[in-house]
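The values are calculated or read from the model by the stated rules, or taken from the named source; none is laboratory data. Note that the structure is a prediction, hence the values are computed from the model and not measured. Glycine gets a Cβ as well: all are built from the backbone with ideal geometry, and neighbour counts include every protein chain shown. When the accessible area is computed, the model is the full protein with side chains, heavy atoms only, and any ligands, DNA or RNA have been set aside. Shrake-Rupley method; radii C 1.70, N 1.55, O 1.52, S 1.80 Å.
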Amino acid sequence: MNQSGQITPEQEVLNVLGGRTEKDPFLVFADLREKGSVRPIPMPMGDSDNQTWIVTHMEDVKKVLKDQTNFCVDPTTINKNSDTKQFLTNSSEEDSSNLFLASSLNALDEPDHRRLRRLVSKAFTPRYMESLRPRVQEIADDLLDQVQDKGEMDIVLDYAYKLPINVISDMIGVPKSDREQIYEWSEAIANGLGVGRIDNEVSESLEAFSNYFTQLIEKKRQQPSDDLISELITIEEEGDKLTEKELLSMVQLLIFAGHETTSNLISTGTLILLDHPDQLEILKNDQSIIPSAVEELLRFHGPSTTAGPRYAKEDLELGGQQINKGDVLFPLLKSANRDENVFINSEDVDVTRDIKRHVAFGQGIHMCLGAPLARIEGDIAFTTLLKRMPNLKLNIPRKEVKWQFKLAAQGLSSLPVSF
């Protein structure tokens, strides 16, 4: 707190990242941007003397995300004794690493990252992503068929979560009978983890999640079929292939990230449009601009508050601050996407905005592998919803809409609408 006893923006942003505040995070980010692009935050580092920083302006966020010479995602690159999970969750529980294994794409630097992404990218070609459109459309229509005659639904429970979980489960090869259980584990993990915290129940869900996919991978190894797990098992390049640990980590990451973020985009995006009826009307009158509108929704309120932490590999200056080797930096994606220096009227949503760039999916080598799929799902989800239910409106008083925090991201637990 400052001398007047008020919580400073630097302290408040920790509450935002940990899901421990009711305050509008965008107000916190705006306050921070006014004070400077790079700000120290009071985040304990255990026995380390290194400082933790948050990065709020677009230019510096992009630099941290793209500059592999000065920043890394794996602290053991700098110090072999670093304990990332203990720092991030204040937990040394071995189980807490089951989801975010050290061998996931998000946690690897070059050259390991290049090797793994090269292998996985063979299964994630643009042609393959586009080939999923008919199936995504089929799922979207089927979900709306189930509620069409009722005249009302919950966007989150009936549409936003079911669409991406079914798409990614189809891709990976998760049986339909198991998808509800996968969703429950994923929700428990997302709700129980935040920067600086891990709830007691998370370890059990992480272990069950990990065990399930270990068994599913083994089953696919014995009985391959037309799905992504089977393809990843067989992929080889120059005699290289995914290790068991890498394969498990990749599948977990895909199933988790593949539905949490897109679900958030669809539900939050729908609320944004309902909050801005003039923008909703523009889309209803011209659905051809929905793909670009999806980019504006991602900029305005994307799924992820921050990218994963980066670690300074050397002493350097950033945003007028002296950063020391080993310091931790959190690039705030949602803040960068509201940067007044980059976007005109950055706090306003404008579905006709010509967006040249945003960082909702990250940037650089760790940019989200599934971004093309998320865009396809967003395009189809909103186009189908507005085409079939043009009279969409909120079914509860606006003040009763509740936000919840998942993995340092702000999302909705429910959004009742009528049509």
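Listed values, structure above:
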quantity	calculated
Test for Ile376: is it part of a helix (DSSP H, G or I) and either of a type in the set (Val, Ile, Thr) or buried (at least 19 other Cβ atoms within 10 Å of the Cβ) (or both)	yes
Near pairs, Cβ below 7 angstrom, 6+ apart or cross-chain, from the range 124-145 (in contact (Cβ under 8 Å) with a residue 40 or more places away in the chain) to any residue that is open to solvent by 20 Å² or more (accessible area, probe 1.4 Å) and part of a helix (DSSP H, G or I)	Pro126/Pro372; Met129/Pro372; Leu144/Arg388
Failed criterion for Glu377 (all others in (1) touching a Pro at 6+ places or on another chain (Cβ under 7 Å); (2) under 15 Å from Asp275 (Cα atoms) hold)	(2)
Filtered residue count, the range 216-230, keeping only those that are in contact with a Lys or Arg (Cβ under 8 Å, 6 or more places away or on another chain) and either open to solvent by 70 Å² or more (accessible area, probe 1.4 Å) or not hydroxyl-bearing (Ser, Thr, Tyr) (or both)	2
Top-ranked residue of the range 108-123 - restricted to ones that are in contact (Cβ under 8 Å) with a residue 40 or more places away in the chain, of a type outside the set (A, V, I, L, M, F, W, C) and in a loop (DSSP other than H, G, I, E, B), ranked as most open to solvent (accessible area, probe 1.4 Å)	Lys122
Conditions (1) closer than 24 Å to Ile189 by Cα; (2) modelled with pLDDT under 85; (3) surrounded by fewer than 17 Cβ atoms within 10 Å (Cβ to Cβ): number failed by Asp240	(1)
Residue ranges of helices (runs of 4 or more DSSP H) in the range 257-349 with at least 1 members within 30 Å of Leu143 (Cβ to Cβ), open to solvent by 50 Å² or more (accessible area, probe 1.4 Å) and touching a residue at least 12 places away in the same chain (Cβ under 8 Å)	277-285, 290-301
